[in-house]
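Chemist: This is the structure, below, for whatever I ask next.
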Amino acid sequence: MSSKIKRNCSGQGLVEYALVLVLVAVVVIGILTILGPQIGNVFSRVTIGLDGSGGASAGAAQPVIVKVENVTHVGSTVTMTITVSEATGVTLTDSNGAPSPPATLCDTVCVASIVVGGPSGVVTVSAGNSVDVSYN
């Protein structure tokens, strides 16, 4: 005598879809963990560029430059360490008319560079305030 055993497989498809979704979620979480800070920096720079206020909220005190130090002039590049009161975009402008680089996003301390247009001059560092730095 042969008897057929009927198996209930109706939940198998649902379990397979759930496993695929879990796998996709794990991959997305892994990618965001690795690339998250870089993506956040891109969005911050876009916001600073569109906002024009250096990231300051309306009515809030604007971030200010606390100090500029470690100024080095090598070839046609001036590099410096900038400390700000809070995260903001910092712009550099050369007195010799060299093109200004895009704003540098500064959390509290950052290193920024500018290609200068002469052997000596002044770089103006701007956020909520401005600081002039001489180079030669």
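Chemist: Two decimals is fine: what's Rg over Rh for region 65-135, C-alpha atoms, Kirkwood radius as Rh?
Modeler: 0.93
Chemist: How high is the FRET efficiency from Asn41 to Ser113, r the C-beta distance, R0 22 Å, rounded to 0.05?
Modeler: Once rounded, the FRET efficiency stands at 0.80.
Since every read-out is calculated from the coordinates, none of them should be taken as a lab result. None of the values given here were measured: they were computed from a predicted structure. Quick reminder, even Gly has a Cβ in these numbers, built from the backbone with ideal geometry, and neighbours come from all protein chains shown.
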